[in-house]
Each structure stands twice: as structure tokens, then as C-alpha cells.
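Some notes on the structure that comes next.
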Amino acid sequence: MNTENPPPVEEQTETQKRILVIEDQELNRKVVRIVLQSKGYTVIEATDATEAIACLEDAMPQLILMDIALPGQSGEDLTRQIKANLAWVDIPIIALTAAAMSGDRERILKAGCDDYLSKPIDIKVLVERVETHIKRTEI
């Protein structure tokens with residue numbers, strides 16, 4: 001489990017939102033981490049399904065950013081596993097994927113993802129989608 005630079009739990013405030021980024025490529029994680037931390041989010045990182053499940057068991061995020069092409073278990077299968085767990089079913093999942101062929105978006109949404117962004121990620125769109133889904137969890 002890689003949790004680079006999160007504030008200690010005792011220092012987290014109610015307004016800080018945790019986002020779990022499940023991405024095996026270090027550069028992609030770094031870009032997303034920098035952008036989201038600059039917006040005040042706490043970023044928790046996992047590189048595969050095993051780390052992701054451990055993160056979910058350790059700290060409930062308000063949102064998950066899911067790479068679909070993970071080593072071992074795919075992001076689609078991991079999404080199904082997360083959505084099958086009653087404790088996690090309501091956590092929004094935004095797919096981040098290079099899969100942009102006809103039918104990919106529909107297949108990924110059918111797996112349980114709540115939204116879909118194709119790579120390379122447009123940072124402005126990423127922030128807008130994250131904020132939209134975070135606001136929905138606050139209702």
C-alpha cells in the first residue's frame with residue numbers, strides 16, 4: 001500500500017476528502033496525486049487489486065479512480081468486486097483507461113464504474129468529474 005504524503009489521521013479534518021487512486025504506472029499516479037492534493041484532497045495510492053482492497057479495508061475513500069489495465073486482476077473485475085461489497089457499493093468509481101475503442105466505455109460502465117475518462121487524462125476534466133462525484137456523496 002502506497003500512501004505518499006497523506007496527512008496523519010489525527011490532522012485530517014472533516015472537509016478533507018480521501019480519493020483512492022488505483023494505477024500501476026508511477027507517472028500517472030504522480031500526476032493525479034499532485035493535481036488532487038493541490039485541490040485539497042487526500043490521495044491514497046494502490047498499484048494493483050491486492051493493495052486496493054487493503055486500502056479500502058483500512059480507510060474508506062469518498063471516491064475511487066480506477067485504472068482498467070491493472071496487473072493481475074483487471075480494473076473491471078476489481079470494480080465488480082468492490083461493488084459487490086455492501087460496505088463499498090456506494091463509493092463512486094471513475095475509470096481511467098486508454099481503452100477508447102467502440103464499446104469500451106459501455107463495457108466499463110456495465111462493470112460498475114460510475115464514470116469514464118480516457119487517457120491521456122485532461123486535468124481540468126478530471127478535477128470537474130472528481131468534484132461532481134464527491135458532491136453527490138455528500139447529499
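Every number in this text was worked out from the coordinates using simple rules, so none of it is lab data. Note that the structure is predicted; figures quoted are calculated from it, not measured. When we count neighbours, we look across all protein chains shown, and the Cβ atoms used for this are built from the backbone with ideal geometry, even at glycine.
Ellipsoid semi-axes for the chain, based on the Cα gyration tensor and the rule √(5λ), read 21, 16, 15 Å when sorted largest first. With contributions of -39500 (n - 2.57) from each DSSP H run of at least four residues, the per-residue ellipticity at 222 nm computed over the chain stands at -11500 deg cm²/dmol.
For the chain, a Gaussian network of Cα nodes joined below 10 Å ranks D48, D90, D58 by mean-square fluctuation, and the top entry is D58. Between L96, L36, L86, the GNM of the chain built on Cα springs shorter than 10 angstrom shows L86 fluctuating the most. Residues V89, V32, V21, arranged from fewest to most other Cβ atoms within 10 angstrom of their Cβ, appear as V89, V32, V21. Of all DSSP beta bridges confined to the chain, the antiparallel ones make up roughly 5%.
Global size of region 97-139: 11.6, 34 Å for Rg and Dmax (C-alpha atoms, Rg to one decimal, Dmax whole). Helix 49-58 and the long axis of the chain differ in direction by around 30°, with both axes built from C-alpha atoms.
If the segment from I123 to E26 were pulled out straight at 0.36 nm per residue, it would be longer than the present Cα-Cα gap by 33.3 nm.
Using a Gaussian network model on the chain with a 10 Å cutoff between Cα atoms, which of Q25, Q62, Q81 fluctuates the most? Comparing Q25, Q62, Q81 in a Gaussian network model of the chain, the most mobile one is Q25.
Residues in region 65-75 carry Karplus couplings, in order, of 9, 10, 6, 7, 9, 9, x, x, 6, 5, x Hz; the curve used is 6.51 cos²θ - 1.76 cosθ + 1.60 with θ = phi - 60°, and Gly or Pro positions show x. If R0 equals 25 Å, the separation of the Cβ atoms of S102 and T50 corresponds to a calculated FRET efficiency of about 0.20. Spacing of the modelled spin labels on T132 and A69, each 7 Å from Cα toward Cβ, amounts to 2.5 nm.
For M60, M101, M66, what ranking results if the residue with the fewest other Cβ atoms within 10 Å of its Cβ goes first?
Details: M60 12, M101 9, M66 29.
The order, fewest Cβ neighbours first, is M101, M60, M66.
Mind pulling the angle between the C-alpha long axis of helix 123-137 and the longest principal axis of the chain? Nearest 10 degrees, somewhere in 0 to 90. So the inclination is approximately 70 degrees.
When each of D114, D24 is scored by the number of other beta-carbon atoms lying within 10 Å, the sequence from fewest to most is D24, D114.
Straight-line cross-link reach from K83 at under 21 Å between alpha-carbon atoms covers these lysines, not counting any fewer than eight positions away in the same chain: K17, K110, K135. Helix 26-38 and the longest principal axis of the C-alpha atoms of the chain enclose an angle of approximately 50°.
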